[in-house]
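Below is one structure; the comments refer to it alone.
The values are calculated or read from the model by the stated rules, or taken from the named source; none is laboratory data. Given the structure is predicted, the values throughout are model-derived calculations rather than measurements. Virtual Cβ from ideal backbone geometry, glycine too; neighbours counted across all protein chains shown. Side chains included, ligands, DNA and RNA excluded: accessible areas come from the protein's heavy atoms. Shrake-Rupley method; radii C 1.70, N 1.55, O 1.52, S 1.80 Å.
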Amino acid sequence: MIAAKTLKLSLKSLKDFAKKRLPDETLIELDERDECPLEIVRHMCSPDKLGIQLLFIPEEFGGMGGGAFDVYCICEEMAHIDLGVATAVLATFLGSDPITVGATPEQKKLWLSRIADEGILFAYGATEPEAGSDLGALRTTADRVTQDGRIVGYKINGAKQWISNGGIADAYTVLANTPAGPSWFVVEKGAKGFTHDEPEDKHGIRLSNTAALAFSDVYVDADRLLGGVEGQGLNQAQAVFGYTRLMVAAFGLGAGWAALDRAIPYSTKRIQAGAPLSEKQGYTHKLIVPHVARLEAARSYIEETAERIDAGKEGSLNTEGAIAKYMATEAGNAAAEASIQALGGYGYTHEYMVEKISRDVRITTIYEGTSEIMEMTIRRDRWQLHLKTRGQHYHEQARQFEALHVHHPDVGADTTSLALHALADVMEKARVAHLTRHQHILLRLGELIAFAECAGSLSRRAALMKDGTIHEKTNRRFDASALAAISRIFARDAALKVAQEGLRWIAGAIGLSDSEMNAFETNLGLPAIHRAQAGLMSDMDYVADVLYNRAAKQLRTAA
Ligand SMILES: Cc1cc2nc3c(=O)[nH]c(=O)nc-3n(C[C@H](O)[C@H](O)[C@H](O)COP(=O)(O)OP(=O)(O)OC[C@H]3O[C@@H](n4cnc5c(N)ncnc54)[C@H](O)[C@@H]3O)c2cc1C
């Protein structure tokens with residue numbers, strides 16, 4: 001972990017650098033030319049220049065030993081600047097992850113020190129033409145080369161697809177099938193038989209180099225097998241998902257806010273029907289405020305997960321990483337899409353940037369695991385908790401929010417508890433009716449779980465903010481009153497979604513008679529959830545006032 005002051009300085013250097021070297025005109029030109037600014041990426045990753053990569057590398061190998069919270073803050077800032085450049089920098093981190101997790105001490109020293117001292121760029125080569133979400137289907141092979149009965153090296157054959165930094169990296173971590181199963185290897189640029197294609201012509205992140213790789217009898221010494229033991233590759237990939245998905249979550253958050261940070265000031269200047277758009281409730285309450293709530297709910301989950309990863313007591317937190325990624329990247333996409341609408345015709349042109357942000361952020365729901373794979377991961381894990389606790393897991397969580405509500409009646413904890421009780425009831429109904437046979441329902445449960453857990457996280461964060469006990473590196477865009485109002489808005493949204501959509505999928509699968517429907521609605525707490533919507537409009541008004549820095553916010557109470 002690095003000191004809060006150091007993190008602040010790093011974030012400032014990053015902002016200043018971007019202001020100077022990556023102004024809008026440059027970003028637009030590079031995007032139009034479909035060009036990765038390699039010199040800028042190298043500058044960012046050079047130890048004697050910006051040295052972003054140092055944050056990711058442990059101190060013992062010459063880095064600064066940043067933790068998950070630090071990395072989230074940097075990733076959000078980078079994505080706020082440009083998601084393509086952010087991807088290029090992140091690729092080195094992703095590429096070095098199998099080393100951090102699975103390499104021998106000698107391998108770590110060699111490669112991590114080279115990233116820190118020389119600023120070499122890495123790429124992470126997992127995906128193949130036939131193996132995307134299902135990495136187990138990979139076909140790239142690594143055959144043993146033996147001498148006197150001893151393994152001295154491997155010959156790699158196969159192809160990789162959509163590899164970030166594929167055409168510009170100095171070294172690649174490559175997943176290949178050995179006789180004992182998938183394993184990670186380091187392959188250096190220029191190795192005989194190793195080639196890459198021209199960069200892909202992509203929808204977005206056009207400042208990031210993405211290329212296919214080909215391996216034809218590429219020989220590597222045995223010490224390039226990470227960890228020195230075959231067959232550990234998928235476990236090593238799994239071990240860092242909590243962490244790496246948190247980074248992509250921060251990308252969704254940063255890009256979503258980058259779009260809103262353009263839409264909000266624009267709407268104060270754009271006069272339509274005699275007044276700025278920012279004063280029109282039908283505009284702010286559709287195109288701005290709901291997206292702020294979703295992004296901040298995701299942020300809370302990211303921050304909590306980062307804190308837990310840094311505390312190091314709970315394993316890899318893969319499910320939490322999946323929830324953070326799912327919520328933040330979906331929210332980032334929705335915010336960018338709404339920002340195009342918020343700028344009207346201007347939003348549809350290159351010059352105003354929001355269309356570029358929207359194209360860029362699109363990738364975040366695809367790479368590092370698609371949204372559907374996230375839904376599956378979330379549901380699978382939480383279903384086990386539901387079964388293990390005989391359906392009590394989310395009821396117990398709900399009771400914790402009932403207790404929180406007693407001390408903090410204004411952070412939406414009461415509504416969050418309604419969401420969690422409803423979730424437990426939907427899951428139980430799905431169990432009793434054997435609905436696990438419907439994959440669609442399972443994935444929808446994943447979505448409802450993510451919404452309910454994020455509502456909980458935001459209620460907790462708003463309470464900590466009120467108490468003044470929040471993490472010192474937390475994002476302070478909003479004060480305690482504003483965050484409480486945002487939390488109430490999101491909790492209402494989550495509760496309604498869980499109950500209404502949960503009911504819809506259950507009814508859609510098994511059909512419910514009138515009396516069963518009435519009983520289920522009551523069980524889910526639908527009447528209470530409907531009553532909890534009271535106050536939504538005044539909370540949205542308040543958050544809009546805060547966002548637009550209007551005097552009215554001083555007069556209103558957050559209650
Ligand atoms: C710009 C870019 C950069 C990338 N960078 C890298 C990189 O650096 N390194 C790397 O290794 N990879 C990288 N990738 C690959 C990326 O991680 C994969 O594209 C992603 O994991 C999805 O795999 P796929 O494209 O094969 O899609 P598929 O797995 O074929 O999925 C297609 C669709 O089907 C859905 N789907 C898949 N399986 C299921 C299922 N079981 N049930 C229901 N629905 C399902 C998916 O959610 C998706 O909507 C990158 C991709 C892009 C586009």
> In square angstrom, what is the accessible area per residue of the chain with a 1.4 angstrom probe?
Replying inline: 41
>> Tell me whether the stretch 335-423 comes out rounded, prolate or oblate; compute the Cα gyration tensor, take square roots of the eigenvalues as a ≥ b ≥ c, and use a/c under 1.5 as the rounded threshold.
In response: oblate
> From largest to smallest, what semi-axes in whole angstrom does the stretch 72-192 give when each is the square root of 5 times an eigenvalue of its alpha carbon gyration tensor?
Replying inline: 27, 18, 12
>> Greater than 20 Å separation of Cα atoms is the criterion. Which listed pairs, K8/K466; K160/K202; K5/K466, meet it?
In response: K8/K466; K5/K466
>> Let me check the size of the stretch 1-67 from its C-alpha atoms; what are the radius of gyration and Dmax in Å?
In response: 13.8, 41
> In degrees, nearest 10, range 0 to 90: what is the angle between the Cα axis of helix 514-523 and the longest Cα principal axis of the chain?
Replying inline: 80
> Hey, which of these cross-link pairs are over 29 Å Cα-Cα: K388/K497; K20/K280; K20/K356; K325/K497?
Replying inline: K20/K280
> With r defined as the distance between the Cβ atoms of E188 and Y348 and R0 fixed at 56 Å, what FRET efficiency is calculated, to the nearest 0.05?
Replying inline: 0.80
>> Please report the spacing between the Cα centers of the stretch 40-85 and the stretch 338-388 in Å, no decimals.
In response: 23
>> Tell me the angle of helix 68-81 to the major Cα principal axis of the chain, expressed in degrees between 0 and 90 and rounded to the nearest ten.
In response: 90
> Name the residues of the stretch 62-79 whose amide N is less than 17 Å from a point 7 angstrom out from the Cα of T6 along the C-beta direction?
Replying inline: 62-75
>> If I compute solvent accessible area with a 1.4 Å probe over the protein chains, what percent of it on the chain is carbon and sulfur?
In response: 50
> Please state the relative contact order of the stretch 145-276 as a whole percent: Cα pairs under 8 Å, 6+ residues apart?
Replying inline: 27
> Any idea what the relative contact order of the chain is, in percent, if you count C-alpha pairs under 8 Å spaced at least 6 apart?
Replying inline: 12
> Using 1/(1 + (r/R0)^6) with R0 = 56 angstrom and r between the beta carbons of L536 and R150, what's the FRET efficiency to the nearest 0.05?
Replying inline: 0.20
> Size of the chain along its principal axes in angstrom, Cα-based, largest extent first?
Replying inline: 76, 56, 41
>> If you fit an axis through the alpha-carbon atoms of helix 536-547 and take the longest principal axis of the Cα set of the chain, what angle between them do you get, 0 to 90°, nearest 10?
In response: 50
>> Classify the stretch 354-485 from the C-alpha gyration tensor, please: rounded if a/c falls under 1.5, else prolate or oblate depending on whether a/b exceeds b/c.
In response: oblate
> For the stretch 406-559, what's the radius of gyration and Dmax over Cα atoms, in angstrom?
Replying inline: 17.5, 54
> Taking the Cα centre of each part, how many Å lie between the stretch 112-190 and the stretch 243-267?
Replying inline: 32
